[in-house]
Each structure stands twice: as C-alpha cells, then as structure tokens.
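A.B. asks: If you scroll down you'll find the structure; I have some questions about it.
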Number of protein chains: 2
Amino acid sequence: MKDQCEMPIPTYEDVKAAHERIRPHVHRTPVLTSSHLNDLAGCELFFKCENFQKAGAFKVRGASNAVFGLSDEQARRGVATHSSGNHALSLSYAAGRRGIPCHVVMPRTAPQAKKDAVRGYGGIITECEPSTSSREEYFARVQEETGADFVHPYNDPRVIAGQGTCARELMEQMGERGGGLDCVVAPIGGGGMISGSCLTLSTIAPEVKIYAAEPEQADDAARSFRAGHIIADDAPETVADGLKVPLKDLTWHFVSHHVTDILTASEAEIVDAMELIWKRMKIVMEPSSAVPLATILKNPDVFAGQRVGVVITGGNVDLNKLPWMQK
Amino acid sequence: MKDQCEMPIPTYEDVKAAHERIRPHVHRTPVLTSSHLNDLAGCELFFKCENFQKAGAFKVRGASNAVFGLSDEQARRGVATHSSGNHALSLSYAAGRRGIPCHVVMPRTAPQAKKDAVRGYGGIITECEPSTSSREEYFARVQEETGADFVHPYNDPRVIAGQGTCARELMEQMGERGGGLDCVVAPIGGGGMISGSCLTLSTIAPEVKIYAAEPEQADDAARSFRAGHIIADDAPETVADGLKVPLKDLTWHFVSHHVTDILTASEAEIVDAMELIWKRMKIVMEPSSAVPLATILKNPDVFAGQRVGVVITGGNVDLNKLPWMQK
C-alpha cells in the first residue's frame, strides 16, 4: 500500500513526550469492568473511561498536546479550529489552561447548547453560514486576522500523538505487559483515537489487535479499509454524531497499516449498547462511545474468551434527549 | 437522652468482621472528585460512589453481611424481607451468591420494573395487597412456611455493621488518617447508612462530623432530631424515593448520639443537584443520592473550605423517566 501522507508521521517518542507535556492538564481516567457485560459478551471487557476526562472526552489529550507544545511566540497568537464538537471544547479548555485565545468557527445554526459549552470553556466563537465554503472563508479570515495556529480535530501529528497517550495509560493500568490484553476496540470517525492507539500499540504491544467500530450508517472508514483508499461520505446521518467525519491522509496511514478490522453496528444496536452501559455500569457516555460494545456483542466469535480493551471516548450528551426515548 | 433500643447495638468490631465477611461479594467502590463541583460548593468534595456497587447500591453491604453471617442450618431456610427497593435487590443478590432462597413480599401494585429487577437477581416474590395489614399477613405466612430469616432493610445490627464498611473504606481511600476529612454527608431515610457511618467514624475518627441530608418533603428524621424522639410520617412524597421510610429504634440510637445536624433540601434543589452530578461527573445515580450535594450547595457557610465526604448511595433509576424532564 503506497503512503501518500504529506505530514510528518508521529512516532512513539512523540507519544511519550505528549504524555509528559499533558499530564498536569488531563485526568488519568479509570478502567472499569462489569461482570454482567462480560457474561453477555462472552469475553472480558476493560473499559477505559474517557467520559470522565477533562472537558468530557479523550480529545483533550490531543488538544492539550498541541496547545502546550507551542512556542511562547506562537502561543500568544492563540489557536483556532472549526469543529463544533468535543474537539472545540477540548481546545478551548487547553487554551484556557495556558491563558491563550481559542477561536472556534461554527455555523450560526449550531445548537445553542454547543455554543454555550464552547463559551463555557472560554472559546471565542465566530459564526459562519452553514456551508463548507462559508466555513472556509470565515476560518481563513480568523487565521489571517489573529495568526492563530490551526489545530485540526484529528489530521494533525500533535493531536494523534496526544490521543496515543490513552492506549499507553490503558496498557499501564492493565498491569505487567498490558495484563495479557488481546485486543482494543475503539470508535472510528476521523480516526484520531484509532491512529493514536495504532501508534502506541504497534510499538509497545504489537501482538494486541486493533479493531475500529463504526456505525453502519456512516461506514466510510469500513469501505475505505476494504477499498484500499479513502472514501469520504457526504454528510452521513447517525445517532453516533461524533463519528460522521471522514478519514484524512494521516489517519488513513495508521488505519491502513495497523488496524485488524473495522466492524459496524446498526443504529438500534448502538442505542441498545448505550442503554446497557448506562444501566449496568452507571456511567453517562455518548452514543459514539457505545459503538465498540455494539460491535462486540454482534461479533461474539471474533472476541470469544479474549481480554478486550474498550475505549469509552466521551460523555457529552444531551440529558434531555436520550436516544432510547425515541425508540 | 434515654436509650430505648431493644436490639443489641453493633460495635466497630462488628464492622471489621463484616468487612472481612463481605469482601468477596461487594466492590471496593471508587472515590471520585470534580473540580467544577468543588468550585461551585466552595469546599473539596470526595464522592464515595456506591452507585457502582453490586446490585447498584450500598445496601448490598448490609444484606451480604446478614446473609453470609447465617449458620448453615439457618441459611438453608433462606432469608426474607418486604422492601421493594434496593434492599430487596441486594438481599436477592447476596442470597443468590450463597445459593439460598430470598423471599420478597411486595404489593401486587408495585411497578413491573421493580418486580423484574428482584426476579433478575433471583428473588422469589410473594405478592400482597397494597396495605400494611396485608403485607404483614403475607410476610408472617411466608416466614412460617419457610422459616426464612427476616432481614430488615435498616433496623438490624447486622445490616448497620455492613453499611459501616462504606465509611471505613472511604477513610482508607482518603489516605493516612482519612486524608484530613472534616465531615461526611449521607442521605437519611430509615438511617441505615447514617448509622453505619456513625458507628465507624465515632470509633476511628471521632473528629469527623456527620451530617444527614433529607428531602424537605420527607423531613421526619430532621423533625425527630429536633424533637428528641422518633416522628414517623405517613407516606411522604418525594422524588428521592429511597428516603421515605421512618427511623426505627436502632437507627435512632445512632442518629441521636452521633449526628451533628440534619439538613434538608427542596425537590427542585434535589433535581438540580442530580442533573449537575450527571452532567459534570458523568455518572448515573438516583435522586436520593443527590440530596447531600443539594444540602451542601444550600449551606455554603457550613462547609466552606472543608474536605467533605459525600456518599452517592445508589444508581438504580428509571432511565426513561428522569426527573429534570418533568421540570
């Protein structure tokens, strides 16, 4: 497979440096287990709970690595992004910790709750029209006016190295030699968490398989994986709203080289898995984070008897609109 | 104050014995913190998360102590209770672990979900009419027919000694000498958790103050505390449905001797505190467990600058009917 990535590919040394850099700003999140879910799944599940992370998601790892890796001169000009999800919250949080501005370009039609959340973490919002061209125009203008450093939600070596600290922690928490973990399952959207996991595990535990979990209704990564090149979908619809974005060159590098397989689950399976986790594990997490368990329950033969790490990626969910209520 | 308790009063030796006895059957639940909630409350909060406990509540500590303390002969005849809440689940769970029957007398009008949950843990339900006389009649019949040992939800020395293991764990987890904890706040219904906390803390850390937290709309314990004798309400109504039951002689002993104060919160304050915990701590817990935080936020002067242990008592809640949706 030919590599067409134009950006520098981060190494495990970058993950270690990121871990040192972000340690004061992120939580070492707990690993939880549930004997009931183990019985259901026919394997041993170890949930790395990034829903308990600062700003409510693993994204704060990559964002903090980018923010705290800036030179003082660059930092003064701030950072910018155009996500409206967990990355925007995380970047705002990290910038706030460093005391520098974070500019977020968001469509004016974005839900008020998302705007409030970004502002709650200190982000400065520039509203654009809800189209790609308007977003790009406004984003270019913000960058020109401020000189802010663009931190992409996933296609950025600093971000991927930061996300790689999550798998590193999981392996440490599992005990000696990763506690005999057989595989890790994480959701895939743009591929930041999966790429970070690949980066770390391919170096320190190459025997651990890496499965990506994706909604059937937004299965562009699974189709890319089978086709051998990036396929980007136009605005897929899924309850797992963190997973709608396509792979990019840097994340495709890791996915195409290190992922064992990409498994998919239906909307109903995702919602059922989410409800099961809330009921049995008593944790608040978002639909995207339920996709791994949905795929594990759907593919008992793949995981039978194994020790399986599962990344619960985030916990930012509208408590007034839980998906099982619409069933 | 004259003691009118007819039952043997458990000692801290009983708590230590209970801890050894139940260790294989219960979780050592985590202590979580939230810098956001600390800022809001103006003190340092340490949440002992019994919502993650087996069967979803601290009640499994007392129930397991009762079940595993039975002689083999008594155990063969099983245990019985007439709770329809967390105690019934916990006793069914503990009996199941020992492989003995657990009889639960419940009104036939109890919600199907509660019956299903008890049966899910292996409990055997006998349905009675929804009146105290019918409940007593059916319960007496079950006891006569089976010879099962009655395990009261809270007015039982074995149960109180079991609940006392929770405060013991919290003190251990806080570090040397309890990490300088100034006080513990726990919800009060019948007083089992508060009594266990009093039993433990009055022995190993008598400098730690103990506050009980109660719904304004079911404030019989607060009124008992001021009056100096037990006042029992007739069927109070509150969203904190685990806290409707009255004190009994054994729990009154501990409450009257060791509690610093009983603080109350309104229904709206309880629901707000619950939503805050879900949103910020990303944990699923029941309304009763939110009463401590509600009273802490309402009484900033009482807790200012202190290190405060907060017992999150349970996590069994109907995910289809969350109280803030009815606001």
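The values are calculated or read from the model by the stated rules, or taken from the named source; none is laboratory data. On a predicted model such as this, the values are computed, not experimentally measured, just so you know. No Cβ is skipped: glycine too gets one built from the backbone with ideal geometry, and neighbour counts run over all protein chains shown. These accessible areas exclude ligands, DNA and RNA; they are computed on the full protein's heavy atoms, side chains included. Shrake-Rupley method; radii C 1.70, N 1.55, O 1.52, S 1.80 Å.
A.B. asks: Does the stretch A:225-233 contain at least one residue that is aliphatic (A, V, I, L, M), in contact with a Leu (Cβ under 9 Å, 6 or more places away or on another chain) and part of a helix (DSSP H, G or I)?
C.D. replies: no
A.B. asks: Let me ask something else. Output the residues belonging to the stretch B:234-256 that are assigned to a loop (DSSP other than H, G, I, E, B) and closer than 22 Å to B:Phe58 by Cα.
C.D. replies: If the condition is that a residue be assigned to a loop (DSSP other than H, G, I, E, B) and closer than 22 Å to B:Phe58 by Cα, then B:Thr238, B:Val239, B:Ala240, B:Lys244, B:Val245, B:Pro246, B:Leu247, B:Lys248 are the ones that fit.
A.B. asks: Let me ask you something else. From B:Asp261, B:Asp241, grab the single residue that is more than 22 Å from B:Val308 (Cβ to Cβ), away from chain A (no Cβ under 14 Å) and touching a residue at least 12 places away in the same chain (Cβ under 8 Å).
C.D. replies: Selected residue: B:Asp241, the only one of B:Asp261, B:Asp241 that is more than 22 Å from B:Val308 (Cβ to Cβ), away from chain A (no Cβ under 14 Å) and touching a residue at least 12 places away in the same chain (Cβ under 8 Å).
A.B. asks: For the stretch A:180-189: of the residues being in contact with a Gly (Cβ under 9 Å, 6 or more places away or on another chain) and of a type in the set (Gly, Ala, Ser), which is modelled with the lowest pLDDT?
C.D. replies: A:Gly189
A.B. asks: Could I ask something else about it? With the structure loaded, tell me whether A:Gly192 is among the small types (Gly, Ala, Ser), more than 17 Å from A:Leu45 (Cβ to Cβ) and buried (at least 22 other Cβ atoms within 10 Å of the Cβ) or whether it fails that test.
C.D. replies: It is true that A:Gly192 is among the small types (Gly, Ala, Ser), more than 17 Å from A:Leu45 (Cβ to Cβ) and buried (at least 22 other Cβ atoms within 10 Å of the Cβ).
A.B. asks: To continue, here is another question. Can you go through B:Glu172, B:Glu216, B:Glu207 and tell me which one is among the acidic types (Asp, Glu), within 30 Å of A:Asn320 (Cα to Cα), more than 16 Å from the chain's Cα centre (by Cα) and in the same structural domain as B:Asp301 (by TED's automatic domain parsing)?
C.D. replies: B:Glu216
A.B. asks: Among the residues of the stretch B:250-257, is there at least one that is within 14 Å of chain A (Cβ to nearest Cβ), in contact with a Phe, Trp or Tyr (Cβ under 9 Å, 6 or more places away or on another chain) and either modelled with pLDDT of 95 or more or within 19 Å of A:Val317 (Cα to Cα) (or both)?
C.D. replies: Within the stretch B:250-257, not a single residue is within 14 Å of chain A (Cβ to nearest Cβ), in contact with a Phe, Trp or Tyr (Cβ under 9 Å, 6 or more places away or on another chain) and either modelled with pLDDT of 95 or more or within 19 Å of A:Val317 (Cα to Cα) (or both).
A.B. asks: A further question follows. Anything in the stretch B:207-224 that is part of a helix (DSSP H, G or I) and either open to solvent by less than 40 Å² (accessible area, probe 1.4 Å) or among the β-branched types (Val, Ile, Thr) (or both)? List them, or say none.
C.D. replies: Residues satisfying the conditions are B:Ala218, B:Asp220, B:Ala221, B:Ala222, B:Ser224.
A.B. asks: A further question on this structure: A:Ala80 is checked against (1) within 30 Å of A:Ser35 (Cα to Cα); (2) in contact with a Phe, Trp or Tyr (Cβ under 7 Å, 6 or more places away or on another chain); (3) touching a residue at least 40 places away in the same chain (Cβ under 8 Å) and fails just one. What number does that condition carry?
C.D. replies: It fails just one condition, (1).
Let's see how each residue does on (1) assigned by TED's automatic domain parsing to the domain that holds A:Asp318; (2) touching a Phe, Trp or Tyr at 6+ places or on another chain (Cβ under 7 Å); (3) at pLDDT below 95; (4) open to solvent by 10 Å² or more (accessible area, probe 1.4 Å):
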site	(1), (2), (3), (4)
A:Ala18	yes, no, no, no
A:Arg23	yes, no, no, yes
A:Val26	yes, no, no, yes
A:Pro30	yes, yes, yes, yes
A:Ser35	yes, no, yes, yes
A:Asn38	yes, no, no, yes
A:Glu44	yes, no, no, yes
A:Asn51	yes, no, no, no
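A.B. asks: Still on this model: Among the residues of the stretch A:64-85, is any over 22 Å from A:Gly190 (Cα atoms), modelled with pLDDT of 95 or more and within 21 Å of the chain's Cα centre (by Cα)?
C.D. replies: yes
A.B. asks: Return yes or no: is A:Glu137 of a type in the set (D, E, K, R) and within 27 Å of A:Val311 (Cα to Cα)?
C.D. replies: Criteria not met by A:Glu137.
A.B. asks: What are the residues in the stretch B:92-124 that are open to solvent by less than 30 Å² (accessible area, probe 1.4 Å), over 19 Å from B:Lys244 (Cβ atoms) and hydrophobic (A, V, I, L, M, F, W, C), if any?
C.D. replies: If the condition is that a residue be open to solvent by less than 30 Å² (accessible area, probe 1.4 Å), over 19 Å from B:Lys244 (Cβ atoms) and hydrophobic (A, V, I, L, M, F, W, C), then B:Ala94, B:Ala95, B:Ile100, B:Cys102 are the ones that fit.
A.B. asks: List the residue pairs whose Cβ atoms are under 9 Å apart, where the first residue sits in the stretch B:17-37 and is in contact (Cβ under 8 Å) with a residue 40 or more places away in the chain and within 11 Å of chain A (Cβ to nearest Cβ), the second is open to solvent by less than 30 Å² (accessible area, probe 1.4 Å) and part of a loop (DSSP other than H, G, I, E, B), and the two are 6 or more positions apart or on different chains.
C.D. replies: Listed by first residue and then by second, the contacts come to B:Thr29/B:Gln53; B:Thr29/B:Phe58.
A.B. asks: Still on this structure: Since B:Met281 meets every condition but one in (1) in contact with a helix residue (DSSP H, G or I) (Cβ under 6 Å, 6 or more places away or on another chain); (2) touching a residue at least 12 places away in the same chain (Cβ under 8 Å); (3) within 14 Å of chain A (Cβ to nearest Cβ), which condition does it not meet?
C.D. replies: Going through (1) in contact with a helix residue (DSSP H, G or I) (Cβ under 6 Å, 6 or more places away or on another chain); (2) touching a residue at least 12 places away in the same chain (Cβ under 8 Å); (3) within 14 Å of chain A (Cβ to nearest Cβ) one by one, B:Met281 breaks only (1).
A.B. asks: I'd like to check something: does the stretch A:286-293 contain any residue that is under 15 Å from A:Ser34 (Cβ atoms) and within 14 Å of another protein chain (Cβ to nearest Cβ)?
C.D. replies: Scanning the stretch A:286-293 turns up at least one residue that is under 15 Å from A:Ser34 (Cβ atoms) and within 14 Å of another protein chain (Cβ to nearest Cβ).
A.B. asks: Next up: Can you name the condition, by its number, that A:Leu70 falls short on among (1) open to solvent by 70 Å² or more (accessible area, probe 1.4 Å); (2) of a type in the set (A, V, I, L, M, F, W, C); (3) away from chain B (no Cβ under 14 Å)?
C.D. replies: A:Leu70 satisfies all of (1) open to solvent by 70 Å² or more (accessible area, probe 1.4 Å); (2) of a type in the set (A, V, I, L, M, F, W, C); (3) away from chain B (no Cβ under 14 Å) except (1).
A.B. asks: Conditions: (1) in contact with a strand residue (DSSP E or B) (Cβ under 8 Å, 6 or more places away or on another chain); (2) modelled with pLDDT of 95 or more. A:Met171 meets all but one. Number of the miss?
C.D. replies: Tallying (1) in contact with a strand residue (DSSP E or B) (Cβ under 8 Å, 6 or more places away or on another chain); (2) modelled with pLDDT of 95 or more, A:Met171 fails exactly one: (1).
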